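Take a look at the structure set out below.
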There are 2 protein chains.
Amino acid sequence: MTRIYDRVALIGLGLIAGSMAHAMRRAGLAGEIVGTARSTETRETARKIGLCDRVVDTAAEAVGDADLVVLCVPVGVMGAVAREVAPHLKPGATVTDVGSVKRDVIAEVAPHLPEGVHFVPGHPLAGTEHSGPTSGFAELFDNRYVLLTPDEGTDRAAIDGLRRLWEGCGANVEEMDADHHDLVLAVTSHTPHLIAYTMVGVADDLRRVTDSEVIKYSAAGFRDFTRIAASDPTMWRDVFLSNKDATLEILGRFTEELFALQRAIRTGDGEHLHAYFTRTRAIRRGIIEAGQDTDAPDFGRVPVARRREDAAE
Amino acid sequence: MTRIYDRVALIGLGLIAGSMAHAMRRAGLAGEIVGTARSTETRETARKIGLCDRVVDTAAEAVGDADLVVLCVPVGVMGAVAREVAPHLKPGATVTDVGSVKRDVIAEVAPHLPEGVHFVPGHPLAGTEHSGPTSGFAELFDNRYVLLTPDEGTDRAAIDGLRRLWEGCGANVEEMDADHHDLVLAVTSHTPHLIAYTMVGVADDLRRVTDSEVIKYSAAGFRDFTRIAASDPTMWRDVFLSNKDATLEILGRFTEELFALQRAIRTGDGEHLHAYFTRTRAIRRGIIEAGQDTDAPDFGRVPVARRREDAAE
């Protein structure tokens with residue numbers, strides 16, 4: 001048990017904040033975890049399941065005397081929340097966030113923070129399609145990456161404290177420039193999400209293929225898109241609006257390549273298709289080797305028939 | 001143990017044929033399983049691991065006296081294989097295939113088959129990104145769908161025998177028209193695969209984001225695309241070339257929707273994005289309820305840290 005902060009305040013109690021609470025407790029990283037959320041229902045649920053040591057009604061109250069404040073709200077309201085809590089922050093406290101976009105969040109949050117408070121923007125690259133106060137679990141960050149994007153000149157001790165917290169939650173921590181973060185994430189996360197949403201929308205729209213067919217026959221590839229496309233709509237709306245430039249750039253590259261493959265299909269250019277499909281296998285191998293996925297057949301999904309048998313035993 | 005065929009011949013010994021062999025044995029569905037593959041290496045591996053009761057050197061030899069012949073080769077060579085085995089088929093035998101495209105396979109295969117042999121085209125909607133004779137496992141088809149697309153007038157007893165075989169392998173069997181199959185699969189499988197291949201190719205191409213960054217930070221959405229994009233290149237080249245019309249139609253619809261979302265990002269139309277992202281959640285719920293995926297956090301992937309602990313216990 002290595003306590004890193006005496007009091008941690010979680011603003012917003014969704015999947016990430018909930019998982020942080022579980023992970024911090026697992027490793028004894030915080031003396032006290034105080035949480036709050038805008039919705040009364042969320043606060044009540046969090047109280048009922050004992051998600052935090054204390055759940056309070058306002059963000060202003062939550063940050064009082066906190067050594068670390070974690071903004072776990074959608075990117076679009078980070079600025080408003082920062083303005084609300086700023087007057088109540090303890091001098092010397094560290095403020096971080098978990099937003100999927102960094103340049104825009106820095107622009108919205110940093111101006112509100114008083115002198116003597118350390119802002120270390122962060123982004124844990126972990127998630128599921130579930131949201132809400134009951135969706136968190138302690139293992140979410142195990143072997144996942146957390147990217148920190150502090151400005152040059154940020155207090156080194158504040159950065160290192162936050163590093164240790166995330167490492168204690170099981171994560172690997174790296175630092176990078178906020179703009180580079182936004183480009184990398186446009187490639188590895190934002191554009192894939194937009195594409196998955198689009199594909200699922202197309203399937204839902206098509207009159208000649210029924211929804212029940214799409215659902216029953218989804219194991220042939222489609223279902224992997226639906227998981228991504230079930231992510232929180234508000235979070236993702238904000239991501240695209242606030243990482244507009246990088247997302248549009250990658251989308252432009254994507255459609256260019258897609259049109260080339262489409263043309264190869266139309267003209268029957270099998271060589272182009274085969275060469276393209278061969279090259280993409282290497283990246284997959286890299287991901288397995290880096291421990292960022294399992295190569296278990298069928299993703300480690302247990303077939304339902306077997307699950308039933310197990311339950312019956 | 002319910003024997004359905006005295007002798008089953010598997011032509012081609014990859015993931016699907018291998019899994020069929022395991023699944024048929026699990027339920028005692030075949031008296032003898034004979035297999036063959038074009039590559040000497042594949043045949044030797046299959047012999048070494050005892051994948052079939054007998055592995056023979058040619059397709060012509062394999063089909064001799066077989067009651068069921070399963071063509072498990074890429075869609076592009078189905079016609080050539082059918083021509084090769086046709087003179088050696090036993091009268092009254094059933095021939096089926098496992099190709100991902102049905103109209104084109106029917107056009108290539110049916111003309112070669114002699115009178116008195118029953119052709120029942122089939123497509124098991126199951127797979128992993130692995131290929132080759134060692135990649136199969138008995139549970140692959142459990143609770144997955146197999147679509148049969150026989151012409152009107154096909155012998156009912158032949159269709160029913162094949163149905164029972166697949167049901168004995170754990171699958172749900174449905175029948176539909178070949179053209180409808182190709183459209184449904186263009187939506188649930190072919191277009192998603194093309195899109196995934198494209199996205200992984202874009203990531204690999206981008207100079208300013210390194211491959212190692214793409215790999216390390218893949219858990220944020222990208223890795224789900226890489227699994228799909230690691231599928232067998234030859235199989236997928238053939239799929240796109242032989243299901244050209246339906247794939248191009250769905251791709252057209254996809255780019256139309258993608259451009260609408262791209263425009264919403266560019267113009268900052270958050271309402272359009274939010275409405276689109278909300279609607280796609282319902283399909284996901286349907287897939288979970290239909291038992292075609294698990295809603296376990298993180299897809300049921302066990303974090304590496306926990307796997308290590310388990311191993312240490």
Checked pairs for the range B:273-288, first free of Cβ contacts under 8 Å to residues at least 40 places away in the same chain, second outside any helix (DSSP H, G or I) and among the charged types (D, E, K, R), C-beta under 6 Å and 6 or more apart or across chains, list as B:Ile287/B:Asp293; B:Ile288/B:Asp295
- Query: Is it true that A:Thr188 is among the polar types (S, T, N, Q) and either buried (at least 18 other Cβ atoms within 10 Å of the Cβ) or out of contact with any strand residue (DSSP E or B) (no Cβ under 7 Å at 6 or more places or on another chain) (or both)?
  - Reply: yes
Quiz item: Would a scan of the range B:32-46 turn up a residue that is buried (at least 16 other Cβ atoms within 10 Å of the Cβ) and free of Cβ contacts under 8 Å to residues at least 24 places away in the same chain?
Solution: no
Among residues of the range A:270-293 being at the interface with chain B (Cβ under 7 Å from one of its Cβ atoms) and among the aliphatic types (A, V, I, L, M), the residue nearest to B:Gly76 (Cα to Cα) is A:Leu273
In the set B:Gly221, B:Gly170, the lone residue that is crowded, with 21+ Cβ neighbours inside 10 Å, at positive phi and outside the structural domain of B:Gly28 (by TED's automatic domain parsing) is B:Gly221
Out of (1) within 7 Å of chain A (Cβ to nearest Cβ); (2) closer than 23 Å to A:Asp232 by Cα, the one B:Thr267 does not meet is (1)
Within the range A:161-176, residues among the charged types (D, E, K, R) and more than 14 Å from every other protein chain (Cβ to nearest Cβ) come out as A:Arg163, A:Arg164
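Identify, please: which residue in the range A:233-245 is of a type in the set (S, T, N, Q) and more than 7 Å from chain B (Cβ to nearest Cβ) and is, among those, surrounded by the most Cβ atoms within 10 Å (Cβ to Cβ)?
So the first thing to find is which residues in the range A:233-245 are of a type in the set (S, T, N, Q), and the list is A:234, A:242-243.
Add one more test, that the residue is more than 7 Å from chain B (Cβ to nearest Cβ), and what stays is A:242-243.
Values: A:Ser242: 23, A:Asn243: 28.
Out of the qualifying residues, it is A:Asn243.
Taking helices (runs of 4 or more DSSP H) that fall entirely within the range A:85-202, which contain at least 3 residues that are at pLDDT 95 or above and over 30 Å from A:Thr58 (Cα atoms)?
Details: elements: A:103-109, A:156-168, A:178-185.
Result: A:178-185.
Restricting to the range A:120-144, give me the number of residues that are more than 11 Å from chain B (Cβ to nearest Cβ) and either crowded, with 24+ Cβ neighbours inside 10 Å or hydroxyl-bearing (Ser, Thr, Tyr) (or both).
So the count comes out to 4.
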Listed by first then second residue, the pairs whose first member lies in the range B:147-159 and is farther than 29 Å from A:Val214 by Cβ, whose partner is among the hydrophobic types (A, V, I, L, M, F, W, C), with beta carbons under 7 Å and at least 6 positions apart or on separate chains, are B:Ala158/B:Val120
Across the range A:246-264, the tally of residues that are more than 8 Å from chain B (Cβ to nearest Cβ), over 24 Å from B:Trp236 (Cα atoms) and free of Cβ contacts under 8 Å to residues at least 24 places away in the same chain stands at 1
Given (1) at the interface with chain B (Cβ under 7 Å from one of its Cβ atoms); (2) assigned to a helix (DSSP H, G or I); (3) touching a residue at least 24 places away in the same chain (Cβ under 8 Å); (4) crowded, with 24+ Cβ neighbours inside 10 Å, A:Ala230 misses just (2)
In the set A:Leu261, A:Leu206, the lone residue that is farther than 14 Å from B:Leu273 by Cα and at pLDDT 95 or above is A:Leu261
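Quick one: would you say A:Ala59 is over 14 Å from A:Ala17 (Cβ atoms) and touching a helix residue (DSSP H, G or I) at 6+ places or on another chain (Cβ under 9 Å)?
So A:Ala59 does not fit the description; no.
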Over the range B:203-214, the set of residues surrounded by fewer than 20 Cβ atoms within 10 Å (Cβ to Cβ) and not in a helix (DSSP H, G or I) is B:Leu206, B:Arg207, B:Arg208, B:Thr210
Just one listed residue, out of A:Thr2, A:Thr45, A:Thr58, A:Thr36, is modelled with pLDDT under 95 and among the hydroxyl-bearing types (Ser, Thr, Tyr), and it is A:Thr2
Only one of (1) surrounded by fewer than 16 Cβ atoms within 10 Å (Cβ to Cβ); (2) under 20 Å from A:Ser131 (Cβ atoms); (3) hydrophobic (A, V, I, L, M, F, W, C) does not apply to A:Ala110, and that is (2)
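The values are calculated or read from the model by the stated rules, or taken from the named source; none is laboratory data. Small disclaimer: the values here were computed from a predicted structure and weren't measured. Cβ atoms come from the backbone with ideal geometry, glycine included; neighbour counts cover every protein chain shown.
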